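Student: Just passing along the structure, written as structure tokens.
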């Protein structure tokens with residue numbers, strides 16, 4: 001999975017919070033079946049009046065929108081829209097902002113399964129809290145043959161990271177002799193006990209396992225069924241609609257490798273009519289794979305599983321890891337370890353071949369690149385492909401982009417590469433910014449990381465991704481606040497790289513029309529225009545009128561897809 005850390009301060013991700021979130025969803029839906037209620041709303045013609053952000057560059061704002069049969073029939077000035085509407089259309093005045101449905105540009109949706117069936121460490125702030133959650137899980141699952149979970153933060157531990165001795169002591173004290181494999185919140189490392197190390201046949205003094213070494217533990221992980229994955233996907237869908245996400249992109253992960261099971265779950269949910277938002281996916285490829293075989297498999301899966309709500313559209317490439325694991329690939333060594341610049345997970349010549357094969361089949365390339373060294377490898381491979389065939393319209397994308405050189409931004413623009421950014425992480429915090437990023441990268445690099453505004457000013461199409469479940473919950477309105485402020489209102493720390501703050505309108509453009517472009521959905525989605533599907537949100541306030549610090553409090557009151565109310 002991805003990333004780097006997350007923003008503990010505002011990651012309201014305890015189990016109690018999840019319970020509150022979903023009880024809130026139920027309260028909003030009441031005792032009505034949401035789909036049936038939505039069909040009733042769709043069949044009724046509506047004229048919505050109020051402040052409308054359209055995300056249409058030719059007319060960014062409107063006063064009214066007329067929807068009928070799930071399609072926007074007219075939008076613009078109130079008097080013009082009313083004149084074009086049928087006489088029986090209901091006129092509804094809306095107080096909060098009306099805007100297009102939003103896109104989640106990078107989320108590991110299938111990994112929700114680890115939240116549902118394992119130890120949830122996301123809310124922990126100390127080692128003691130992690131211990132308490134693990135012990136609670138053991139108590140609740142006395143017959144478990146393996147203990148898995150996700151969400152611990154590397155920054156909580158001392159310099160050497162998580163220690164197997166902590167887990168061994170828990171096992172001894174609770175008379176449990178099973179392997180424990182816990183995944184970090186950035187999903188780039190494991191914390192395992194001695195039993196897991198023995199079963200995997202892997203030696204480690206600490207039990208802190210990074211990147212490709214995690215593959216040694218694959219056989220230990222529990223095997224989940226199609227039904228398990230269906231529950232996980234629907235769980236995410238409920239969460240997504242609560243925040244106004246109507247389109248979501250999943251770049252699949254490396255661990256567990258239950259790709260076919262997860263894809264089958266999506267296929268069955270689509271056939272059962274249970275997907276009411278749009279899901280798009282990228283299938284992973286790794287250095288050493290047979291490129292031709294993987295591409296052929298992707299094309300076959302794409303054909304077999306394609307539906308309106310689910311489609312495999314691209315290929316995911318991991319080029320490096322994360323800063324906190326010293327696994328991000330940098331152009332210059334880490335500040336605290338001279339000579340160590342991390343390692344690229346692909347050889348350049350193989351990457352060129354893979355990119356060429358993917359482009360040839362009109363699939364989208366989606367690259368994980370945290371460090372500027374990894375970004376350089378991606379750009380060189382993309383430039384190689386661009387020399388053979390014009391890729392400026394292919395909508396290939398690169399995500400994370402933590403450490404970037406100015407000239408690399410220019411090269412991305414020349415090839416039409418989309419920047420999938422993670423504004424949830426663009427802030428100063430104690431345990432990551434000061435304890436990890438600053439000593440690892442050095443003051444100069446850490447102060448220049450995540451250059452959002454530079455990407456936008458260069459003319460690059462920018463979108464946003466939470467990297468869920470790295471960021472929990474994937475509250476896009478927190479993302480909006482951080483795009484504008486680059487700090488939390490209650491934070492005692494300074495603004496992170498203040499020159500990279502952007503306007504509310506630019507941020508919403510990222511969330512809406514740009515996100516739809518990334519997923520090749522912009523022909524009918526992403527903006528509110530006559531002829532496009534009536535996919536829209538109604539907020540409880542207007543971000544264009546609110547003070548910056550109030551952006552974090554925005555909520556979606558109603559969410560519609562094709563005129564059907566799904567929240």
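The values are calculated or read from the model by the stated rules, or taken from the named source; none is laboratory data. All values reported here derive from a predicted model rather than from experimental measurement. All Cβ positions, even for glycine, are placed from backbone atoms using ideal geometry, and neighbour counts span all protein chains on display.
Student: Scan segment 308-323 and tell me whether some residue there is within 21 Å of residue 519 (Cα to Cα) and part of a loop (DSSP other than H, G, I, E, B).
Tutor: Yes: segment 308-323 contains one or more residues that are within 21 Å of residue 519 (Cα to Cα) and part of a loop (DSSP other than H, G, I, E, B).
Student: Let me spell it out: the conditions are (1) in contact (Cβ under 8 Å) with a residue 40 or more places away in the chain; (2) on the phi < 0 side of the Ramachandran plot; (3) part of a loop (DSSP other than H, G, I, E, B), and residue 393 meets all of them except one. Which number is the exception?
Tutor: For residue 393, the failing item is (1).
Student: Okay, next question. Residue check: is residue 190 in a strand (DSSP E or B), within 24 Å of residue 106 (Cβ to Cβ) and either in contact with a helix residue (DSSP H, G or I) (Cβ under 8 Å, 6 or more places away or on another chain) or modelled with pLDDT under 90 (or both)?
Tutor: yes
Student: I've got another one for you. Could you tell me whether segment 253-275 includes any residue that is at pLDDT 95 or above, in a loop (DSSP other than H, G, I, E, B) and either closer than 30 Å to residue 408 by Cβ or in contact with a strand residue (DSSP E or B) (Cβ under 7 Å, 6 or more places away or on another chain) (or both)?
Tutor: Scanning segment 253-275, I find at least one residue that is at pLDDT 95 or above, in a loop (DSSP other than H, G, I, E, B) and either closer than 30 Å to residue 408 by Cβ or in contact with a strand residue (DSSP E or B) (Cβ under 7 Å, 6 or more places away or on another chain) (or both), so the answer is yes.
Student: In this structure, is residue 547 without any contact (Cβ under 8 Å) to a residue 12 or more places away in the chain and either under 19 Å from residue 241 (Cα atoms) or surrounded by fewer than 23 Cβ atoms within 10 Å (Cβ to Cβ) (or both)?
Tutor: Yes; evaluated as a whole, the condition is true for this residue.
Student: With respect to the numbered conditions (1) within 23 Å of the chain's Cα centre (by Cα); (2) touching a residue at least 40 places away in the same chain (Cβ under 8 Å); (3) outside any loop (DSSP other than H, G, I, E, B), which one is the sole condition not fulfilled by residue 149?
Tutor: Condition (2) is where residue 149 drops out.
Student: Tally up the residues in segment 470-528 that are in contact with a strand residue (DSSP E or B) (Cβ under 8 Å, 6 or more places away or on another chain), free of Cβ contacts under 8 Å to residues at least 60 places away in the same chain and part of a loop (DSSP other than H, G, I, E, B), please.
Tutor: Residues in segment 470-528 being in contact with a strand residue (DSSP E or B) (Cβ under 8 Å, 6 or more places away or on another chain), free of Cβ contacts under 8 Å to residues at least 60 places away in the same chain and part of a loop (DSSP other than H, G, I, E, B): 1 in total.
Student: What single numbered condition from (1) surrounded by 22 or more Cβ atoms within 10 Å (Cβ to Cβ); (2) part of a loop (DSSP other than H, G, I, E, B); (3) out of contact with any strand residue (DSSP E or B) (no Cβ under 9 Å at 6 or more places or on another chain) fails to hold for residue 88?
Tutor: In the conditions (1) surrounded by 22 or more Cβ atoms within 10 Å (Cβ to Cβ); (2) part of a loop (DSSP other than H, G, I, E, B); (3) out of contact with any strand residue (DSSP E or B) (no Cβ under 9 Å at 6 or more places or on another chain), residue 88 misses (1) alone.
Student: Take residue 339 and decide whether it is out of contact with any strand residue (DSSP E or B) (no Cβ under 8 Å at 6 or more places or on another chain), under 29 Å from residue 323 (Cβ atoms) and loosely packed, with under 14 Cβ neighbours inside 10 Å.
Tutor: Yes: the conditions hold for residue 339.
Student: Does residue 435 count as more than 20 Å from the chain's Cα centre (by Cα) and either buried (at least 23 other Cβ atoms within 10 Å of the Cβ) or within 25 Å of residue 120 (Cβ to Cβ) (or both)?
Tutor: Taking the combined requirement at face value, the residue satisfies it.
Student: Among what's in segment 225-252 and is part of a loop (DSSP other than H, G, I, E, B) and touching a strand residue (DSSP E or B) at 6+ places or on another chain (Cβ under 9 Å), pick the residue that is modelled with the lowest pLDDT.
Tutor: Out of the qualifying residues, it is 252.
Student: Checking the condition crowded, with 24+ Cβ neighbours inside 10 Å and closer than 28 Å to residue 521 by Cβ, which residue from 250, 268, 272 passes?
Tutor: That would be 250, the only listed residue that is crowded, with 24+ Cβ neighbours inside 10 Å and closer than 28 Å to residue 521 by Cβ.
Student: Follow-up question, since we're still on this one. Take the conditions in contact with a strand residue (DSSP E or B) (Cβ under 8 Å, 6 or more places away or on another chain) and surrounded by 15 or more Cβ atoms within 10 Å (Cβ to Cβ) and apply them to residue 183. Does it pass?
Tutor: Criteria met by residue 183.
Student: Now for a separate question. Being under 26 Å from residue 442 (Cα atoms) and either in contact with a strand residue (DSSP E or B) (Cβ under 7 Å, 6 or more places away or on another chain) or not in a helix (DSSP H, G or I) (or both), is that true of even one residue in segment 372-383?
Tutor: There is at least one residue in segment 372-383 that is under 26 Å from residue 442 (Cα atoms) and either in contact with a strand residue (DSSP E or B) (Cβ under 7 Å, 6 or more places away or on another chain) or not in a helix (DSSP H, G or I) (or both).
Student: Hey, residue 125 hits all of (1) surrounded by fewer than 22 Cβ atoms within 10 Å (Cβ to Cβ); (2) closer than 29 Å to residue 558 by Cβ; (3) outside the structural domain of residue 69 (by TED's automatic domain parsing) but one; which does it fall short on?
Tutor: Result: residue 125 fails condition (2) only.
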